[in-house]
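The structure appears below as structure tokens.
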């Protein structure tokens with residue numbers, strides 16, 4: 001009975017596993033405490049960066065902006081792992097600060113599978129803060145043609161479809177037409 | 001609803017082309033000559049519908065006319081969708097040539113499903129039943145299309161599963177709009193050109 005009371009007060013002694021570890025536990029606790037003290041000593045701050053950023057806008061071929069979509073930046077030094085990732089803003093804008101010369105790629109993908117890819121040529125002059133230095137940027141998705149060109153392309157597409165059907169009809173009907181019997185065949 | 005070029009992995013693109021090939025072969029098999037003109041007209045409407053954008057903040061979506069295609073063309077809807085998507089890819093850079101098989105499956109398969117599910121009901125003698133079936137067909141066509149597009153994306157990247165709900169929510173208004181368009185189309189055809197809908201009977205026989 002008394003033995004049972006002892007168990008309820010110090011279960012770890014009954015298990016026989018914790019008691020030998022008490023010094024080790026204290027050492028660990030001391031290390032963690034000291035570590036926390038060091039962490040609390042770190043402060044945070046901010047300052048305005050003097051580095052130049054590359055701002056880009058991403059849009060659909062319909063002219064709609066690619067708002068709040070996933071964006072990834074690939075450095076010319078590592079084309080497989082993203083240098084930076086995030087999301088475009090409400091107006092389809094995304095910017096990054098390049099750290100090396102060369103061709104940088106920015107890929108923006110939406111939830112439906114649309115993808116726009118921008119290639120930006122960064123020069124040493126740009127990195128050193130010069131007025132110019134960003135090469136021509138190209139966006140993979142071309143905008144939807146507007147006005148007369150849109151109408152022409154749409155009409156061209158419909159015309160192709162109707163012509164295909166006309167050709168298919170002609171081919172089918174010519175294939176089904178019975179062979180003409182020569183007039184003198186009965187003679 | 002188009003999946004862009006360079007997005008899916010080669011095995012998925014291959015699977016898409018294989019499925020599209022089966023759908024095309026099945027759709028072209030025994031296509032009646034008098035149906036070819038109907039296929040061309042429906043394909044033209046599908047081709048042009050993608051240029052009509054429906055604004056849904058923060059994005060937008062375009063009409064697809066999947067359900068009218070399925071109800072009017074039956075199994076011939078697949079070749080019609082394929083041809084229209086090919087022209088969209090070439091003329092407007094919607095989707096792409098490599099991903100054409102995947103996109104054809106994403107929009108052709110729902111059209112076939114709509115035809116199989118609602119083809120009989122829209123020819124019902126009861127006008128109300130036909131109208132309800134037409135509306136349901138329009139909604140179902142869009143939602144099935146989104147489900148298939150989501151499935152392709154999830155097969156490519158499982159993280160895209162999180163976006164599936166957003167995709168569905170964004171296309172619910174489009175589904176309703178397509179339901180109304182399908183309802184109007186079927187009602188008009190029942191009154192003015194009943195032979196067009198009756199053509200489905202000929203195909204099933």
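The values are calculated or read from the model by the stated rules, or taken from the named source; none is laboratory data. Because the structure is predicted, anything quoted here is derived from the model rather than measured. Here the Cβ is made from the backbone with ideal geometry for all residues, glycine too, and neighbour counts use every protein chain on show.
I'd like the residue in region A:142-166 that is in a loop (DSSP other than H, G, I, E, B) and facing chain B (nearest Cβ under 7 Å) and, out of all such residues, is modelled with the highest pLDDT.
A:144
In this structure, does residue B:114 turn out to be under 25 Å from residue B:184 (Cα atoms) and crowded, with 16+ Cβ neighbours inside 10 Å?
For residue B:114, the condition - under 25 Å from residue B:184 (Cα atoms) and crowded, with 16+ Cβ neighbours inside 10 Å - is met.
Could you please find all residues in region B:149-179 being within 19 Å of residue B:133 (Cβ to Cβ) and either in contact with a helix residue (DSSP H, G or I) (Cβ under 7 Å, 6 or more places away or on another chain) or modelled with pLDDT under 85 (or both)?
B:175, B:176, B:178, B:179
Considering region A:94-117 alone, what residues qualify as being within 14 Å of chain B (Cβ to nearest Cβ) and touching a strand residue (DSSP E or B) at 6+ places or on another chain (Cβ under 9 Å)?
Listed by number, the residues that qualify are A:105, A:107, A:108, A:109, A:110, A:111, A:112, A:114, A:115, A:116, A:117.
So, in region B:75-97, of the ones that are surrounded by fewer than 24 Cβ atoms within 10 Å (Cβ to Cβ) and more than 13 Å from chain A (Cβ to nearest Cβ), which residue ends up nearest to residue A:159 (Cα to Cα)?
Out of the qualifying residues, it is B:97.
Looking at region B:46-68, which of the residues that are modelled with pLDDT of 85 or more and at the interface with chain A (Cβ under 9 Å from one of its Cβ atoms) is surrounded by the most Cβ atoms within 10 Å (Cβ to Cβ)?
Applying the filter and picking the extreme gives B:47.
Sort out which residues of region B:1-25 are assigned to a helix (DSSP H, G or I) and either within 10 Å of another protein chain (Cβ to nearest Cβ) or over 16 Å from the mean Cα position of the chain (by Cα) (or both), and write them in order of number.
Scanning region B:1-25 gives B:10, B:11, B:12, B:13, B:14, B:15, B:17, B:18, B:21, B:22, B:25.
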